Amino acid sequence: DFQLHHGVSLGLWAHLKDQHGARSQRSQEADKPHRRKGEKTYSCDECGKDFTRAEHLKRHQIIHSAVKPYSCELCGKCFTQAGNLKTHQLIHSGFKAYNCDLCGKSFTLAQSLKKHQVIHSGVRPYSCELCGKSFTQAGHLKTHQLIHSGVKAYSCDLCGKSFTQAGNLKTHQLIHSGFKAYNCDLCGKSFT
């Protein structure tokens, strides 16, 4: 009998499945005794990320809200989780305990070193479907794809020129400041 096996009526089961997805939190709770250890059966409705425990799902779901209760006293940056604030605060310490054996570059976080080391491997797993250019990091591909979108979200307040990347706008703004950081070693002429 369906009701005895699942602990809910067939009508409620159909409702949960149709209105809340086959793996709603209610149905996940009903299945708890049958779950295998480490099985990710709690799923975020917003992004689809899976979790092994209901409390992990609840903690994760905060990232989809605008609530960021943890803020850095030094720079004001806000975070959804206390652990993320703690990790961020290492940046302000200036202490960089993780060094690349190949080039000597130092990092505050182990994950930053790991991400960096991909550069030395020559592996570029992220490729642009439009032009074929490949990248070592997903974020670099995402930034690159703005070129193809035509969206130029960063505009110069002084002349109105627009850019796809914030860094390009910053470089452009040096023209207006009069600051010339680059000098020709041969003739001494300065450039922005």
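For Ser155 and Ser134 in the same chain, what is the full-extension length gain: residue separation times 0.36 nm, less their Cα-Cα distance, in nm? Please report the intermediate quantities before stating the final value.
Working: separation 21, 0.36 × 21 = 7.56 nm, distance 2.72 nm.
Here the segment from Ser155 to Ser134 would lengthen by 4.8 nm.
Assuming R0 = 22 Å, can you tell me the calculated FRET efficiency for the pair Ile63 and Lys86, based on Cβ-Cβ distance, to the nearest 0.05?
Numbers: r = 16 Å, r/R0 = 0.74.
Efficiency for this residue pair is about 0.85.
Check which residues have an amide H placed less than 5 Å from Lys161's amide H, if you skip close sequence neighbours.
Distant-sequence amide H within range of Lys161: Cys156.
Where does each of 73-79, 160-166 land if you order them by average Cβ count within 10 Å, highest first?
160-166, 73-79
Which entries of Lys58/Lys133; Lys133/Lys189; Lys49/Lys115; Lys58/Lys161; Lys40/Lys86; Lys68/Lys142 show an alpha-carbon separation above 32 angstrom in the structure shown? Spell out each step's value before the answer.
Numbers: Lys58/Lys133 38 Å; Lys133/Lys189 35 Å; Lys49/Lys115 22 Å; Lys58/Lys161 44 Å; Lys40/Lys86 27 Å; Lys68/Lys142 25 Å.
The answer is Lys58/Lys133; Lys133/Lys189; Lys58/Lys161.
Treat segment 48-192 as a sphere of radius equal to its Kirkwood radius over Cα pairs and apply Stokes-Einstein at 4 °C in a medium of 1.567 mPa s; give the translational diffusion coefficient in µm²/s, rounded to a whole number. Write out the running numbers ahead of the final one.
Values: Rh = 19.7 Å.
Once the numbers are plugged in, D ends up at 66 µm²/s.
Among rounded, prolate and oblate, which fits segment 124-192 when a ≥ b ≥ c are the square roots of the eigenvalues of its C-alpha gyration tensor, a/c under 1.5 means rounded, and a/b larger than b/c means prolate?
Working: a/c = 3.49, a/b = 1.64, b/c = 2.13.
Oblate.
Taking square-rooted eigenvalues a ≥ b ≥ c of the alpha carbon gyration tensor, is segment 145-185 rounded, prolate or oblate, where a/c under 1.5 means rounded and, failing that, a/b exceeding b/c means prolate? Spell out each step's value before the answer.
On the way: a/c = 3.88, a/b = 1.78, b/c = 2.18.
The shape class here is oblate.
Values in this text are rule-based calculations from the coordinates and carry no lab data. Here the structure is a predicted model, which means the values were calculated and not measured. Cβ atoms come from the backbone with ideal geometry, glycine included; neighbour counts cover every protein chain shown.
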